[in-house]
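Data block below; observations after.
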Amino acid sequence: QLQLAESGGGLVQPGGSLRLSCAVSGGDSDIQALSWYRQAPGQQREFVALVDRNNGTIYADSAKGRFTVSSMDIKSMVVLQMSSLNPEDTAVYYCKAYRHGYDFWGQGAQVTVSS
């Protein structure tokens, strides 16, 4: 059973940077992709970025040019490096693994962008 745990959230000023990590336990070579999603208060969860097992990446328009998703080993870890943050980026950020047609979610990490 896959388990995911996000870390690195917190409070950052507008224009600042933050790095989120997601540790995967129980992972194996059948993980096809690791993704980041976010959910702001009162809004639906939305896609942010994805890295697949071939190191291909996909970004939401809101993340392009500001966020970078990477994974040295898709079985164990994915990182989301965020820069030029603004208050609209405030949300709970979730890590998701996709494996054999199933999604596995982490508990989320709060990111607050405020002065």
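The values are calculated or read from the model by the stated rules, or taken from the named source; none is laboratory data. In this text, all values refer to a predicted model and were calculated from it rather than measured experimentally. For neighbour counting, all protein chains shown are included, and Cβ atoms are generated from backbone atoms with ideal geometry for every residue, glycine included. Side chains included, ligands, DNA and RNA excluded: accessible areas come from the protein's heavy atoms. Shrake-Rupley method; radii C 1.70, N 1.55, O 1.52, S 1.80 Å.
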| task | Taking just the C-alpha trace of the chain, give me its Rg and Dmax in Å. | result | 13.3, 42
| What accessible area per residue comes out for the chain, rounded to a whole number of Å², with a 1.4 Å probe? | 53 Å²
| note | Quick calc: nm separation of the 7 Å Cα→Cβ label points for residue 52 and residue 83 -> 2.7 nm
| residue 103/residue 11 FRET efficiency (R0 25 Å; Cβ-Cβ; nearest 0.05) | 0.30
| message | With a 1.4 Å probe and all protein chains left in place, how much of the accessible area of region 1-93 comes from carbon and sulfur atoms, in whole percent? | response | 46 percent
| With all protein chains modelled, accessible area of residue 96 [1.4 Å, Å²] | 20 Å²
| request: Determine, from the Cβ-Cβ distance of residue 64 and residue 39 and an R0 of 22 Å, the FRET efficiency 1/(1 + (r/R0)^6), rounded to the nearest 0.05. | output: 0.65
